[in-house]
Amino acid sequence: MKYLIVAAVCLLGIIAISLRDNGLAEFSEMQTEIVPESLDQTQKTKVKDNPRFNEYWYAGLAELSGYDLKQSRYGEIHNGQATMIFVTEPFSRKKQVKLDNPGAAGNDKTSVLKLNSTRTFLTGIYPYSMMTSVFNPVSTASYTDALKLTLSGQEWCGHVFMQMNLDGRQYDVKGYSYFESEGDQNFSIKSTYLEDELFNLIRLNPELLPKGEFELIPSAVVSRFMHEEVKPYKAMSRLEKTTWKEKQVSQYTIHYEHNNRVVNIYFQSDFPYLIEGWDDTYQSFNREVLTSEAVRKNTKILDYWNKHDVKDAYLHKELYQ
């Protein structure tokens, strides 16, 4: 009997150790979920052959840039701040979400460059807060379109949300708004370039930018402000070198045919093709033509998801100095 008790105790100990180790492994996996993707040797040959690209985008850090913003709204220009956060992530091709367990995803896993772009500004007494997320596969030879785009907007009249998911050769669009005429929507449009993904294409390789005449789905934020139908529109574009804000940059210009809107994106001509700013000229509510503008102030490369304590608040302030 004594030996049976000892054996039982040993067995329980082995089980406890096993559970502990499994728990630690699960905890370790959970900890890595919030960290940007790191590139293993197999992916290096499949995803990108540029060592500088791999070193920059797969270092386990994100790139954050803060911008001075002058935003057109209600026929006036409002001062605010814009932020661009670029980071690589392991992404599910089927579910089109960030993978919780990339190692077990197999062929469902693809590497994406994600841009989270925010704009905050005050209109009179009430503030606006807009955020767009767009996900582009790093393997541009395998994928020609962004996989997903989301938009959320909050202001004191209410809030809106839109999501676009790539499904074959079309985008499935879901939209929600507090306006009756723009309430719950569910429709599809043919897939083509998204204006919001052009920033990702610049960061991946400016040669990927469409040039000449093509179809383009306008900025999710501006479409929301203009209450414009979400669909492809004819556009013309060109890429050239110029001087902007006393900096030598590349300038990518987009001109929409249907409303005469003109967008300029200014970025560094050499890798990593940092976005220096942009301007956006279109007709406002009172039919006056106004130009929104964002100018980069500062850029940081860091693990921002770990910088959430009170002592880290200075980092946010420095982004806009």
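The values are calculated or read from the model by the stated rules, or taken from the named source; none is laboratory data. Small disclaimer: the values here were computed from a predicted structure and weren't measured. For neighbour counting, all protein chains shown are included, and Cβ atoms are generated from backbone atoms with ideal geometry for every residue, glycine included.
Brief remarks follow.
- Checked against the criteria, T110 does not count as at pLDDT below 95, among the β-branched types (V, I, T) and not in a strand (DSSP E or B).
- Single residue of E182, E195 found to be under 30 Å from T123 (Cα atoms), surrounded by 14 or more Cβ atoms within 10 Å (Cβ to Cβ) and modelled with pLDDT under 95: E182
- Count of region 219-269 residues, restricted to those that are in contact with a Gly (Cβ under 8 Å, 6 or more places away or on another chain), in a loop (DSSP other than H, G, I, E, B) and surrounded by 18 or more Cβ atoms within 10 Å (Cβ to Cβ), is 1.
- Number of residues in region 162-218 that are assigned to a helix (DSSP H, G or I), under 29 Å from N50 (Cβ atoms) and among the charged types (D, E, K, R) equals 5.
- Consider region 270-295 and keep the residues that are of a type in the set (S, T, N, Q) and at pLDDT 95 or above. The one that is surrounded by the most Cβ atoms within 10 Å (Cβ to Cβ) is S292.
- From the list L209, L204, the lone residue that is under 18 Å from P137 (Cβ atoms), touching a Phe, Trp or Tyr at 6+ places or on another chain (Cβ under 7 Å) and touching a residue at least 12 places away in the same chain (Cβ under 8 Å) is L209.
- Of the residues K174, K109, the single one that is of a type in the set (D, E, K, R), surrounded by 15 or more Cβ atoms within 10 Å (Cβ to Cβ) and free of Cβ contacts under 8 Å to residues at least 40 places away in the same chain is K109.
- Residue that is farthest from V87 (Cα to Cα) [pool: residues in region 273-302 that are touching a strand residue (DSSP E or B) at 6+ places or on another chain (Cβ under 7 Å) and either part of a loop (DSSP other than H, G, I, E, B) or of a type in the set (D, E) (or both)]: S284
- Residue that is surrounded by the most Cβ atoms within 10 Å (Cβ to Cβ), among those in region 139-161 that are assigned to a loop (DSSP other than H, G, I, E, B) and at pLDDT 95 or above: A146
- Options M131, M84: the member that is closer than 25 Å to R296 by Cβ, surrounded by fewer than 20 Cβ atoms within 10 Å (Cβ to Cβ) and either in contact with a helix residue (DSSP H, G or I) (Cβ under 7 Å, 6 or more places away or on another chain) or not small (G, A, S) (or both): M131
- Any hit, region 228-242, residues being of a type in the set (A, V, I, L, M) and touching a Leu at 6+ places or on another chain (Cβ under 7 Å): yes
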